[in-house]
Each structure stands twice: as C-alpha cells, then as structure tokens.
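Student: Below is a structure I'd like to ask you about.
Throughout, read-outs are computed from the coordinates displayed, never taken from laboratory work. Nothing here was measured: the structure is a model prediction, and the numbers come from that model. Cβ atoms come from the backbone with ideal geometry, glycine included; neighbour counts cover every protein chain shown.
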Amino acid sequence: MSARPDPGADAAGLGARAVRRGRTARLLAALGLSGRTLVIAVPMLWLLVFFLVPFFVLGRISLAEVMIARPPYSPLWDRAADGTLNIIASLDNYRFLLADALYRNAYLSSIGIAFTSTVFALLIGYPIAYYVARSPEPRRTILLLLVILPFWTSFLLRVYAWIGFLQREGLINSTLMMLGVIDTPLVLMQTTLAVQIGIVYTYLPFMILPLYANLVKLDDQLLEASADLGAGPVTTFLTVTLPLSVPGIIAGCMLVFIPAIGEYVIPALLGGPDTLMIGRVLWDEFFSSRDWPVAASVAIVMLFLVVAPIMWLQSWLDRRGLNQ
Amino acid sequence: MTDTRLAADTRPWRDAQARPFISIRGLSKRFGDFTAVDTVDLDIYRGELFCLLGASGCGKSTLLRMLAGFEKPSEGTVTIDGQDMSSVPPHRRPTNMMFQSYALFPHMTVERNVAYGLLREGMRKADAMERVAEMLKLVKLGHLARRKPDQLSGGQRQRVALARALIKQPKLLLLDEPLGALDKKLREETQFELIRIQETLGVTFIVVTHDQDEAMTLSTRIGVMSEGEIVQIGEPREIYETPATRHVADFIGSVNLIEGRVDVAAGDQMRIDTREAGPVLVSPRAGLSRGQTVWIALRPERIALSRSKPEGTANLHRVTVEDMGYMGYLSSYRIRLPSGRLLRASQSNRLRDEDPISWDEEVWASWQPMACRVLTE
Ligand SMILES: Nc1ncnc2c1ncn2[C@@H]1O[C@H](COP(=O)(O)OP(=O)(O)O)[C@@H](O)[C@H]1O
Ligand SMILES: [Mg+2]
C-alpha cells in the first residue's frame, strides 16, 4: 500500500459508482418512477393512508343503514339466495340530513360561530403579529416565545381556566361588581359568547404565527418608499402593508376557521344547551345514538363545506398571483 | 466674453453670491458610538447633478437618508429651498428617493407604482394616469405599463423606480446607487439616459455611487466621502487633476504616489528629493517649505515611454518593463525604476503600432513637471 491512494483506482471507483447509480435509475425508470416521483411519493402515501382511506371508509359507512350489529351498520353488499350480488348503498342518510332542520341549523351555527371567532382572532392577532414582526431582534424572539408559550400547558386545562373567569362568581363578574359597573352578575358561562371567547383564545397563536411569518418578511424600504411618495402612516398601512399581508391573513384565517367549525371540546365545556355546533351533533350521533351512518354523512358534508371554500380561495390567490 | 458669462451661469458654485438650493450644515449621524456621518457641510445648487462618491460603508446612504428624512440627524441641519427640514417627516418633504433596491411595490402594476405618488396628493385618477403615461414614455416603458415588477428585467425595474421617483417633479431627487444593479454595458447607456432626463426635467439630482467612472461621467460636481466625512468637493476635472489628499488621488483613477522632501522651492521651478525616483521637478505650489515631507501624485497616462531618448525633458529615467497589459484602446505597463520602485504607466494606442513596447525591454520613461501634483496629506 502506498501512502497516497492511486488516482487510477480512485477514478475506477468513481466510475463503478456512476454505473451503479445508472442501474438504480434504470430500474426506477423501468417501474415508471423517477427520483422526483419518489420524493413526492412519501407525502402522497401519507395522504393516502391517513386521509383518503379513512375518507372512503367514512363515505362507505355514510351510504349504509344503521343496524344492531357489530359494527353497527349494514354491509355494502349481500348475496341473495340465487347467488346474485346486491350492492346496498343509499343516499337516505344525506336526505335525512337535509330534511331535518337540526342538522342544517347546526351547520349554519357552527359556520357562524367559527366565522365570528375568526374575525375577532384576526382583529386581535394582526396587531400582535405586526408588533412582534416589527420589534428589534432580541425582543422579537422573546415575544414570539410568549405567543407559543400556552402550548406548553394542556389545552383542556386552559379551557377549564376560562370557566373560572366566566362563571357567575368568576373573576370577570366579581371585578365588574367590585368596580360598580354592574349590580347583578352577567350570564357569561354556557353562552355562545363563551364559546367564541374560548375559540378566539385557543386559536389565537394559529392566527398570529402565519401573520407573523408574512409580516416579518415585509421590506422596510417599501414602507419608506411609500412615505417618500407622500403617504402618511395610515395610508401606507392600507395601501402597502395590508395588501401584501393578504396571504398571511388567509393562512391564519384558515387555520382558525377550519378547526373551529368542527370544535367539540370548547362548546362542550363553555357552551350551553342552545349553543348548537356540528362537533357536538357528530359526537351525539356516534356515541349516544350509535347511528354511525348518519354520523358519517354529517362528517362528509362538513368536509365538503370546508374544502369547497379552500379550493375557491386557492384558485383566487393563484389568479391574483399572491400565492407564494 | 460670452464664454465667461455662460460659465458663470451654468456653474453657480463658482459664484460667491449664488444662493445654494440645499444647504447642509454640521450634519452628523451616530449609531451607538459609531459615527456613520461626521459633521458634513455641503451646498448644492439648483439644477445640479451632484455625486456623492466613496467606498462602500463610508456613509453615503446614511447621508442621503437624512436628506429624505428616514434617519434623524444626531447633529446639524438640512435646509432645502430655504426651509429647515428638521421637523418635517419624510412624507411631507419636497424630495423623492430612488432606492438602491428600487423598492417597487410588488403587488402593483408598473402603472400603479408610478401613479402612487400622484394619487397620494389627491390627484384625480384620470389625470394621474395621463401623467403616468407621459412619464413612462420618457423612460421608454409605455408598452409595459400593465406588468408587475417581477415580470420585468433589472434595467426595466430601474426605469420604473426612476419614473416613480420623478413623477411628482420633486425639487430634489435622491438616487442611491441608481445603476448599481445593472451590468456594465447597460450602466453606461443608462448614465447618458439619466443625464438626458435630468436636463429635460430640470430637477436637482443627488446621486450616490461607489463607481468613480460613473461619478465622473454623470456629475456637475463630486463630493468624495471617506469614513463619514467629505474629504473634497469639486468638479470632476478638479478632483482628478488636483486631488486634495492621497486618499482622493488613489480613489479616483489610478495614481503613482512617490514620497519625498521639498528640496528647492524657488522661482518657477520646484524640486522634490525622493528616495525612489531621485530629484523630481514639479510645477511650483505655494505654501510649501524646504524639508517638508510631501507626496508626488503622478497619473499613469502622464508618463511617456519611448525607445529613443527624448530631448529636453526634465524627469527622465531608464526603466525596465515588468508587465504589460493590452486593453485595446490603451496598454498599461508596470515599469521598474533603477531604485527598484514599480510605477504604473499607460500609453494610448492611437496608432496601429506593429511593434509596441513589450515585456523586459529597457526604455526611457519621462514626465513633465506639470504632470505632478504635490500633496501634503
Ligand atoms: N441602522 C443602522 N444601524 C447601525 N449601523 C448602521 C445603520 N445604518 C448604517 N450603519 C452603518 O453605517 C455605515 C455607513 O453605512 P451606509 O451609509 O449604508 O454606507 P454606504 O451607503 O456608503 O455604503 C456602515 O458601516 C453601516 O454598517
Ligand atoms: Mg449604500
């Protein structure tokens, strides 16, 4: 062995490796795959296993009839006495959903509550995100940590804590009474307002983070250019900052609105009997009535209610060239 | 007669009576304990195209940003057209700025970007669009009015930025390295374009650049900056021919600096004793005393090289050619004096010389006394 590796051998090694790589590539090509496809394949597989398969299972249950059986719904097909195969699938569950005002109201009120909560989360979250994004460096990181801090404690615990604030003898009522603003305690618990407060509180970081990520990229020189051309601070905000943060606003709103529609825990803990939300209806159908087919169709309809606006927004963003 | 009057008309800084349009007094900017701009005094006259020239980081942008109002001066005042700017916010100043990064609004079309300033003034949209169309024609961008900035080339973006900054016809236009992002050829074309536009509109320009050729081509006057201070103000020719310090001489063009002592300072001749080039005859300069340490600044193109011994030249040396670079329009040489000192020399290639002076040749190098500028600092 010489101290210096033989350059010839090295070149040969490289050559062999190149050939081997070539063979792998050829094998993949024979299977109709390229490296690129392979990279995309992983998330695709994930989506397939954890989204599409459950989706089809749900879809299939939603087309069945409820039965006292295990699992509690009719099979998709059965074999008649003469051996012919009958597919049992009906849209009866969906018809039932449409006919019963309970479900329609539950959808509408869920969307309503999610919508108002999203608007308030935006109104509160935007100034916070703006302030954090415009802060100088060491402070910015600390503020950002504070935004994420609530995630370190249990979500359930934090919602429980709100009961302490909102109940009859809670902090809010006792403070207001002590200050003499009110004589009799306000009814805050078990109201739609309490649910909205809970949702805004819980989902606020999901609004702030995408907004922050957007606003922190905002080029200071654009603001200076705007001022230079004669725009005061308010005009600059409305004509430059706000339009440029639209992608952040949309991302934040989606992250709040979508989970808020299906929220179960918050209305269960803070809401009253007349706070109708689809998450609770779903729970009741699955676990109280054990009517899996109806529950499944409730879930599928909800999915479409959520997905349709997202698709529309995406294409709108693409058209305006705002999507980054 | 007419000649001198014309000169006085177009060069107000030569007239002691002329009133400056922009007057900067004792202006400083400190970031923490770092001084970015150090007590700058500067007068600029209406219609000038003034260049601030200096190496990167010497405080040019900071000075410009104080004029635009984006930085608050630590000390000193800025007066524009007789009005003190101390308490005027950027959006109320009679200045507009063209940013180094252009800072075009990415969500607006070219047209919208250019109209922005007019619409903020409350101008009717139809009128504004008419003005925008004219302005876009001036910068030759009429056909791209509906594009977004990210659909434009660097040169096109640069012209949008210029149009946007000019549309309000500001009293003063501040340009921060306006051509810095363009490639060499485009930059040269755009320099003349910039002069054309400035002359068409009659706006006063202050241009920041670190490129000395650009400053020489563009400006009526140059202010050379170094470490936050203005070290010399003058017309391009003055700065080149009579640099105030070694630093300026070295920054503008290329120069040979030879250290020496004043030997004879009498009559119409002056002799400097140098270790590297022996006694050097220079044109006399007032205010020097015998024995004082000085530096001779000698531009490469002022050194003549020849194979035959020239007659009657004061500063004559037998030199060896160490290096030669052929650049087409000129050839540049590094020549070694008998003392071992290397000098740069260049010869313009006016003729198609079949047998140019080349490596390792022994030739005569000479220069006139008036080619030397004596510097004391
Ligand atoms: N906001 C700031 N904070 C601290 N230092 C700064 C700031 N702006 C500029 N400087 C410093 O001031 C000096 C001059 O900067 P600048 O005016 O941008 O130089 P130039 O435009 O001549 O390249 C640089 O050393 C820079 O680091
Ligand atoms: Mg700069």
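Student: Restricting to segment B:85-95, and then to whatever is part of a loop (DSSP other than H, G, I, E, B) and touching a residue at least 24 places away in the same chain (Cβ under 8 Å), can you tell me which residue is nearest to the other protein chains (Cβ to nearest Cβ)?
Tutor: In this case the residue turns out to be B:Arg93.
Student: Which residue out of A:Tyr203, A:Tyr131 is touching a residue at least 60 places away in the same chain (Cβ under 8 Å) and either in contact with a Ser or Thr (Cβ under 9 Å, 6 or more places away or on another chain) or of a type outside the set (A, V, I, L, M, F, W, C) (or both)?
Tutor: On the way: A:Tyr131 fails: touching a residue at least 60 places away in the same chain (Cβ under 8 Å).
After applying the criteria, what remains is A:Tyr203.
Student: Which fully enclosed helices (runs of 4 or more DSSP H) of segment A:171-256 have 3 or more residues being small (Gly, Ala, Ser) and more than 14 Å from every other protein chain (Cβ to nearest Cβ)?
Tutor: Ranges flagged: A:192-215.
Student: Would you call B:Met98 within 14 Å of chain A (Cβ to nearest Cβ), more than 13 Å from ligand 2 (Cβ to nearest atom) and in contact with a strand residue (DSSP E or B) (Cβ under 8 Å, 6 or more places away or on another chain)?
Tutor: Taking the combined requirement at face value, the residue does not satisfy it.
Student: Now for a separate question. Give me the helices (runs of 4 or more DSSP H) completely within segment A:31-143, filtered to those with at least 1 residues that are of a type outside the set (A, V, I, L, M) and crowded, with 16+ Cβ neighbours inside 10 Å, ordered by residue number. Show your work before the answer.
Tutor: Details: elements: A:35-47, A:53-62, A:92-99, A:101-134.
Answer list for segment A:31-143: A:53-62, A:92-99, A:101-134.
Student: Now a separate question. Look through B:Ala115, B:Ala103 and report the one residue that is under 32 Å from the mean Cα position of the chain (by Cα), hydrophobic (A, V, I, L, M, F, W, C) and on the phi > 0 side of the Ramachandran plot. Let's see the steps before the verdict.
Tutor: Working: B:Ala115 fails: on the phi > 0 side of the Ramachandran plot.
Among B:Ala115, B:Ala103, only B:Ala103 is under 32 Å from the mean Cα position of the chain (by Cα), hydrophobic (A, V, I, L, M, F, W, C) and on the phi > 0 side of the Ramachandran plot.
Student: Can you list residue pairs whose Cβ atoms sit under 9 Å apart, with the first residue in segment B:50-71 being farther than 24 Å from B:Ile252 by Cβ and the second being near ligand 1 (Cβ under 6 Å from one of its atoms)? Count only pairs 6 or more apart in sequence or on different chains.
Tutor: B:Glu71/B:Ala36; B:Glu71/B:Thr62
Okay, residues lined up against (1) surrounded by 18 or more Cβ atoms within 10 Å (Cβ to Cβ); (2) assigned to a helix (DSSP H, G or I); (3) more than 16 Å from ligand 2 (Cβ to nearest atom):
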{"residue": "B:Cys51", "(1), (2), (3)": "yes, no, no"}
{"residue": "B:Cys58", "(1), (2), (3)": "yes, no, no"}
{"residue": "B:Leu67", "(1), (2), (3)": "yes, yes, no"}
{"residue": "B:Val78", "(1), (2), (3)": "yes, no, yes"}
{"residue": "B:Gly122", "(1), (2), (3)": "no, no, yes"}
{"residue": "B:Ala133", "(1), (2), (3)": "no, yes, yes"}
{"residue": "B:Arg147", "(1), (2), (3)": "no, no, yes"}
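Student: Shifting gears a bit: Those residues that are touching a Lys or Arg at 6+ places or on another chain (Cβ under 8 Å) and either charged (D, E, K, R) or within 20 Å of B:Phe205 (Cβ to Cβ) (or both), I need them from segment B:141-175; list them, please.
Tutor: Answer for segment B:141-175, where residues must be touching a Lys or Arg at 6+ places or on another chain (Cβ under 8 Å) and either charged (D, E, K, R) or within 20 Å of B:Phe205 (Cβ to Cβ) (or both): B:Leu141, B:Arg159, B:Ile167.
Student: May I pose another question? When you go through A:Leu244, A:Leu204, A:Leu255, A:Leu209 one by one, which is the residue that is over 21 Å from the mean Cα position of the chain (by Cα) and not β-branched (Val, Ile, Thr)? Before you say what the answer is, go through the steps one by one.
Tutor: Working: A:Leu204 fails: over 21 Å from the mean Cα position of the chain (by Cα); A:Leu255 fails: over 21 Å from the mean Cα position of the chain (by Cα); A:Leu209 fails: over 21 Å from the mean Cα position of the chain (by Cα).
Checking each option against the conditions leaves just A:Leu244.
This table checks each residue for (1) under 30 Å from the mean Cα position of the chain (by Cα); (2) of a type in the set (A, V, I, L, M, F, W, C).
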residue	(1), (2)
B:Asp323	yes, no
B:Met327	yes, yes
B:Leu330	yes, yes
B:Leu337	no, yes
B:Gln347	yes, no
B:Glu354	no, no
B:Asp360	no, no
B:Val363	no, yes
B:Ser366	yes, no
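Student: Does segment B:152-174 include one or more residues that are under 27 Å from A:Arg320 (Cβ atoms) and surrounded by fewer than 15 Cβ atoms within 10 Å (Cβ to Cβ)?
Tutor: yes
Student: Among the numbered criteria (1) away from ligand 2 (no atom under 16 Å from the Cβ); (2) part of a helix (DSSP H, G or I); (3) within 12 Å of another protein chain (Cβ to nearest Cβ), which single criterion is violated by B:Ala161?
Tutor: Here B:Ala161 clears every test but (1).
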